[in-house]
Amino acid sequence: MKILDNKVSIVTGGGSGIGRAICKFFAAEGAKVVVSDIDEVGGRETVNAITEMGGEAFFMKSDTSKPADHQILVDETVKRYGGLHISVNNAGIGGPQVPTGEYPIEGWDHVIAVNLSGVFYGMRYQIPAMLNSGGGSIINMASILGIVGFANASAYAAAKHGVLGLTKNAAIEYASKNIRVNSIGPGFIMTPLLENHLDEAGLKYVSSLHPIGRLGKSEEVAELTLWLASDKASFVTGSYYTIDGGYTAQ
């Protein structure tokens, strides 16, 4: 018996990095996985990887900043698999890297739309489907910047702080209805998001910020996500788990 047998899951941003690792971990533990991403090529690659390992998945192109896309995603998931039990609101972007007093308005709006409003939109449609399915587990991907600041990342930090508040609020509202809502705060993880923003010197620098002395791996975040998604975490809701190599302990 696998720990996610007979469970249906949605993972946004499932086309690469942490999202892809989560999709594969869920599938390996028996879940049916709906891979959502704005990147159609990456999303379909994730589905192919799952089917090759004997799992069940399908891809839906979806823009997390658009409420209608979330509604369609959830409706199609329920239509195809009969319900929804697990969702991981993982899709996110880095945004411009400039001081707050120079931050472009368009950049701010886009980061907030994807990284914060996208999480709300996801839960707005996921929760009713989970109630109809008898309950479930929602995991919102925050960041270490959900509790600390980082120079030149005001929109990202603001959005991720917001994700923590949103997570706690939803957890309180639905704790008695068998829906658990938690968030995860990764440190700097070796993903395309990080690699596309930093050169070799930059990667070396952010590696040095962690007392453990290296960047994290997507699979390490996926392990924590899997636990939160499963009944092994049945008494856990409204919590925020850092997975940051000691970054926020300093």
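The values are calculated or read from the model by the stated rules, or taken from the named source; none is laboratory data. Please read these numbers as outputs of a predicted model, since none were measured by experiment. Here the Cβ is made from the backbone with ideal geometry for all residues, glycine too, and neighbour counts use every protein chain on show.
Pick out, from segment 136-244, the helices (runs of 4 or more DSSP H) lying fully within it that include 1 or more residues that are at pLDDT below 95. Step through it out loud before you land on a result.
Details: elements: 154-174, 192-195, 200-208, 218-229.
Of the helices (runs of 4 or more DSSP H) lying wholly inside segment 136-244, those with at least 1 residues that are at pLDDT below 95 span 192-195, 200-208.
What's the total number of residues in segment 52-69 that are of a type in the set (S, T, Y), more than 21 Å from F25 (Cβ to Cβ) and in contact with an Asp or Glu (Cβ under 8 Å, 6 or more places away or on another chain)?
Looking only at segment 52-69, we keep the residues that are of a type in the set (S, T, Y), and these are 62, 64-65.
With more than 21 Å from F25 (Cβ to Cβ) added as a condition, the list becomes 65.
Next cut, in contact with an Asp or Glu (Cβ under 8 Å, 6 or more places away or on another chain) only: none.
Of the residues in that region, 0 qualify.
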Practice task
Enumerate the pairs (first residue in segment 43-70 and more than 20 Å from A129 (Cβ to Cβ) and modelled with pLDDT under 95; second residue anywhere and polar (S, T, N, Q) and part of a helix (DSSP H, G or I)) with beta-carbon separation below 8 Å, excluding pairs fewer than 6 apart on the same chain, so at least 6 apart or on different chains.
Solution key: none
Practice task
Of the numbered conditions (1) surrounded by 18 or more Cβ atoms within 10 Å (Cβ to Cβ); (2) closer than 25 Å to F25 by Cα, A157 fails exactly one; give the number of that condition.
Solution key: (2)
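Going by the structure shown, is G107 modelled with pLDDT of 95 or more, in contact with a Gly (Cβ under 6 Å, 6 or more places away or on another chain) and either closer than 19 Å to M141 by Cα or of a type in the set (S, T, N, Q) (or both)?
On the way: modelled with pLDDT of 95 or more: yes; in contact with a Gly (Cβ under 6 Å, 6 or more places away or on another chain): yes; either closer than 19 Å to M141 by Cα or of a type in the set (S, T, N, Q) (or both): no.
Considered against the rule, which asks whether it is modelled with pLDDT of 95 or more, in contact with a Gly (Cβ under 6 Å, 6 or more places away or on another chain) and either closer than 19 Å to M141 by Cα or of a type in the set (S, T, N, Q) (or both), G107 comes out as no.
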Handout entry: Residue match in segment 109-130 (condition: in a helix (DSSP H, G or I), surrounded by fewer than 19 Cβ atoms within 10 Å (Cβ to Cβ) and of a type in the set (F, W, Y))
Key = yes
Handout entry: Contacts under 6 angstrom Cβ, first residue in segment 7-21 being surrounded by fewer than 24 Cβ atoms within 10 Å (Cβ to Cβ), partner in a loop (DSSP other than H, G, I, E, B), 6 or more apart
Key = G17/T191
Completion exercise
Here the residues within segment 186-234 that are surrounded by fewer than 14 Cβ atoms within 10 Å (Cβ to Cβ), touching a residue at least 24 places away in the same chain (Cβ under 8 Å) and of a type in the set (S, T, Y) are S234
Problem - Index of the failed condition, V11 passing every other in (1) out of contact with any Leu (no Cβ under 9 Å at 6 or more places or on another chain); (2) outside any strand (DSSP E or B); (3) under 25 Å from K217 (Cβ atoms) - result: (2)
